[in-house]
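Engineer: Here you go, one structure.
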Amino acid sequence: MGAPLNMATTTEIVAHATRLYEDLNFSSAREWKAAAPGRKVVGYLPIYVPREIIHAAGMLPLGIVGGGDQLEVIHGDAYYQSYICRIPRSTIELGVSGRLDFVDGMLFPSICDVIRNLSGMWKVMFPQVYSRYFDVPQNYVDDIGGNYYISELSELRQALGELRGKPITDEELAHSIALYNENRRLVRELYALRAQRPWQTPAAEVYLVVRAGLVLSVEQHSTLLREYLAAVSAEERPRRDNCRVVVTGVFCEQPPLNLIKSLELAGCYVVDDDLLLVTRWLTIDVSTEGDPLRNLALAFLHHSESTAAKYEPNEKEKGQHLVRAVKRSGAEGVIFASPSFCDPALLDRPILQHVLTAAGIPYIAFKYAENSGQMQPIREQAGTFADSIKLWSGQ
Amino acid sequence: MNPTPATSKSPAKDVEKDASMRKQKEMMAAHYDRLTSAPETGAKVCDTFVPGNLNELIMCFDLVNNLPEVNAIQNGLRRLSGGYVLEAEKIGHSEDVCTYVKSDLGMIAKGNLAPNGKKFPDPDVLLLSYTGCFTFMKWFELLRERYKCETIMLHTPYMGDGKFTRNMVEYMVKQLRDDVIPKLERISGVKFDIDRLRENLKRSVTAEDDLVGVLQTAKHRPSPIDAYFGGIYYIGPIFGAFRGTDDAIEYYRFLRAEVEERLAEGKGPVTPDGDMGKEKYRLVVEGPPNYTNFRQFWKMFYDEGAVVVASSYTKVGGVYDFGFRHDPSKPLETLAEYCLGVYTNRSLPMRIDMLSQYVRDYDADGLLINSIKSCNSFSAGQLLMMREVEKRTGKPAAFIESDLVDPRYFSAANIKNRLESYFQMIEQRRGAARAVA
């Protein structure tokens, strides 16, 4: 499964990732499932699930991040009031329109009340599908939150073992952890390269290549990442006079691809972001020695990304992840891009903005929906931000 | 949670009040006085939330409980919340997010005055009982930034699979034993005494029994209570600062006697305009009410002879009518089980089961959902819930929208139209049923 894809150029690789991105029928996941009898697919929503456990059960973890701007939502709107964000309605649309009819299980992680309640809706609407609200601890002490989380992981391991008809072994888990460690290393390498040379790795390309990991097997995705890294390193691309920004708030409902492109066209190189955090949620390699569930739990407790859905027990530490991201990536400012009606992102935003102000980091903010079509206001706002950074930085 | 303005500069003379309402008003006024005099008395203050409210534990440390949601409600009833919400938006809070939060932050920005006109004290501790609502976590992160005081997280896992597990209870007990209690001891300077907790819990049980007795009188025809608009008064003390106190025991004993007397006399609920007329429609209501136009909203029901016989909102601070009571013999476990069981910590299928059961047990004509713009915990999924309850009970359901404390989202004409259509629908169903019979 990890064989070379033999796509030598960035154009070919990005074209492949774009096809995966645009395919609302999840054909590649369907093909993966059909390739061998007994295969199963387990979908998951943002922000994080331990994909290693799904993989260890021989199943394909399938990331579902809504329907984007190409999906016409016909049924989904009937399930939600106008003041609720877009991702649950397009996810319902994917379900009721049969686009997820090959999915055997669904995991709804702890992120917000909307996704939490969607887990119950799924149980009512699709009773034949194994679905689970996947809770994570908000207490990060090993023998309190850690023990609770290990038991939650054990329940998931047991349930997926029952779904495939055979328990998941420690060896299978260790093997999967190793594969995901490698995958996360490659994603981090790509992010580091972009921070270093953003003109070589446009944000939209990076997004597409990383997003391919939501629908491909981890082995295939790691191959794709390696090939992309090799291809972009072999090319010289023109460097623009852009400023460098971190984009934050985009961890759940996805911005349209055009929005990401617009930022760069408006003069902002994206040098870090919180898109698709599942691909790099754990910030270190998870140990492959000893109890695999304990290893996953410890990595979650002590070495995972910070985001609005996660409680920060230390007030002084609140928002510092963003300051560190700015410094690490050499960014000159932050763009708060939040989905409309996104409680976690929008409630967190004022605190983060205060932290940035204290650190002397400029920022702007706007909202979007996954189907936003009008980019001109965003382009103007980002362009003005880029100009102000160039004009006023260093003064 | 408590629609009795604790103090009011212009008492509405034309509003009829039960003796229990007057008693509650006195209790609330005394509580706000105790709270606002904390700087003089030296009492320490613990801000916390209604769902997952650990009042019995908080009292073990002589802390005074302050509930920001209740303050927001008070400000809604006193028509102050609209200005506070705008103030919060002016200082950078999104128009999309919870108006309880913004009313609280706006109130703080505007001087942080309690209903008695005195300044709220800064909290000594924020007890973040993270139960059934994601926004709670962000709300207390925002308050922590403002007050720079210690914040204690108690994470209540969500009952996603329709039950709580041993693992969930153990997790919560460990948090209480190893984290919450030692921190409360340190902050308060009071040593934890588990026997004191047991005594407080014993008092809770007595009040809980009487509350359930009151709410279940609505199974009678006519119902002597309105279990939504009136019910919000009834839950005030037990969901607020009084669970586990003698005051609560006395209040609920008094209330129950009052309601049972009405029942014996065959009376319907007391409304702000006096005794309600003939009971024509019996409804189950899902979702919180609007507080900025509370009386106007209620009037739309009693003018039409509609009485609410059961509601989910009166279960956000604890679900007692299916048998749960605080158990003094297992004090920490019982606090955990209480938190796990509150209404908004229940999965959507559990909520559908509960509402369907209410429609049947209370012989209701149907389900009405008041969907709140601010509250995703309640609102996300309610349209599916409505269809499912309709399907299971065969009774018609309806949907209206408003907000908790943001007057911009209360459209009286729209709500009235929808309610009138709904009552007509109930009549048509009755007519059809009679024709078949």
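The values are calculated or read from the model by the stated rules, or taken from the named source; none is laboratory data. Please read all numbers here as calculations on a predicted model, not as lab measurements. Glycine gets a Cβ as well: all are built from the backbone with ideal geometry, and neighbour counts include every protein chain shown.
Engineer: Which ranges mark the strands (runs of 3 or more DSSP E) fully within segment A:14-124 that have 2 or more residues being at pLDDT 95 or above, more than 14 Å from chain B (Cβ to nearest Cβ) and under 30 Å from A:SER304 (Cα atoms)?
Structural biologist: Correct list: A:41-44, A:60-63.
Engineer: Next question. For residues that are over 16 Å from A:ILE351 (Cβ atoms), crowded, with 24+ Cβ neighbours inside 10 Å and over 20 Å from the mean Cα position of the chain (by Cα), tally how many sit in segment B:70-99.
Structural biologist: Total meeting the criteria: 2.
Engineer: Is there a residue in segment B:366-388 that is away from every other protein chain (no Cβ under 14 Å) and either closer than 30 Å to B:SER103 by Cα or out of contact with any Pro (no Cβ under 7 Å at 6 or more places or on another chain) (or both)?
Structural biologist: For segment B:366-388, residues away from every other protein chain (no Cβ under 14 Å) and either closer than 30 Å to B:SER103 by Cα or out of contact with any Pro (no Cβ under 7 Å at 6 or more places or on another chain) (or both): present.
Engineer: Looking at segment B:309-323 only, could you name the residues that are over 20 Å from B:ASP365 (Cα atoms) and either touching a residue at least 60 places away in the same chain (Cβ under 8 Å) or surrounded by 23 or more Cβ atoms within 10 Å (Cβ to Cβ) (or both)?
Structural biologist: Of everything in segment B:309-323, those that are over 20 Å from B:ASP365 (Cα atoms) and either touching a residue at least 60 places away in the same chain (Cβ under 8 Å) or surrounded by 23 or more Cβ atoms within 10 Å (Cβ to Cβ) (or both) turn out to be B:LYS315, B:VAL316, B:GLY317, B:GLY318, B:TYR320, B:ASP321.
Engineer: Suppose we filter A:TYR133, A:TYR140, A:TYR180, A:TYR148 for residues that are farther than 21 Å from A:LYS40 by Cβ, in contact with a helix residue (DSSP H, G or I) (Cβ under 8 Å, 6 or more places away or on another chain), outside any loop (DSSP other than H, G, I, E, B) and not aliphatic (A, V, I, L, M); which single one remains?
Structural biologist: A:TYR148
Engineer: Name the single residue, out of those in segment A:327-358 being touching an Asp or Glu at 6+ places or on another chain (Cβ under 8 Å), of a type outside the set (Ser, Thr, Tyr) and farther than 22 Å from B:ALA88 by Cβ, that is nearest to the other protein chains (Cβ to nearest Cβ).
Structural biologist: The selected residue is A:ALA331.
Engineer: Something else: Just checking, which of B:VAL173, B:VAL205, B:VAL169 is hydrophobic (A, V, I, L, M, F, W, C) and touching a Lys or Arg at 6+ places or on another chain (Cβ under 6 Å)?
Structural biologist: On inspection, the qualifying residue turns out to be B:VAL205.
Engineer: Against the condition within 14 Å of another protein chain (Cβ to nearest Cβ), touching a helix residue (DSSP H, G or I) at 6+ places or on another chain (Cβ under 9 Å) and within 22 Å of B:GLU150 (Cα to Cα), how does B:THR131 come out, does it pass?
Structural biologist: In short, yes.
Engineer: Within segment A:27-60, restricting attention to residues that are aromatic (Phe, Trp, Tyr) and buried (at least 24 other Cβ atoms within 10 Å of the Cβ), which residue is nearest to the chain's Cα centre (by Cα)?
Structural biologist: Here the residue is A:TYR48.
Engineer: Return the pairs, sorted by first residue and then second, in which the second residue is at pLDDT below 95 and among the basic types (Lys, Arg), the first residue lies in segment B:233-258 and is closer than 14 Å to B:ASP18 by Cα, the beta carbons are less than 7 Å apart, and the residues are 6+ apart or on different chains.
Structural biologist: Correct list of pairs: B:TYR251/B:LYS23; B:PHE254/B:LYS23.
Engineer: Could I ask something else about it? Take the residues in segment A:125-145 that are more than 10 Å from chain B (Cβ to nearest Cβ) and of a type outside the set (S, T, N, Q); name whichever of them is farthest from A:VAL49 (Cα to Cα).
Structural biologist: A:PHE126
Engineer: Sticking with this structure for a sec: Looking at B:ASN376, B:ASN345, B:ASN370, which is the one that is under 20 Å from the mean Cα position of the chain (by Cα), buried (at least 23 other Cβ atoms within 10 Å of the Cβ) and farther than 23 Å from B:PHE164 by Cβ?
Structural biologist: B:ASN370
Engineer: Moving on to the next point. Report yes if some residue within segment B:293-308 is buried (at least 19 other Cβ atoms within 10 Å of the Cβ) and closer than 21 Å to B:GLY132 by Cα; otherwise report no.
Structural biologist: No, because not a single residue in segment B:293-308 is buried (at least 19 other Cβ atoms within 10 Å of the Cβ) and closer than 21 Å to B:GLY132 by Cα.
Engineer: Further question on the same structure: Can you work out which of the residues in segment A:301-322 that are within 18 Å of A:ALA345 (Cβ to Cβ) and either free of Cβ contacts under 8 Å to residues at least 12 places away in the same chain or surrounded by fewer than 16 Cβ atoms within 10 Å (Cβ to Cβ) (or both) is nearest to the other protein chains (Cβ to nearest Cβ)?
Structural biologist: Taking the candidates together, the pick is A:GLU312.
Engineer: Moving on. Starting from residues that are in contact (Cβ under 8 Å) with a residue 24 or more places away in the chain and of a type in the set (S, T, N, Q), keep the ones in segment B:135-172 and report whichever is farthest from the other protein chains (Cβ to nearest Cβ).
Structural biologist: Ranking the qualifying residues of segment B:135-172, first place goes to B:THR156.
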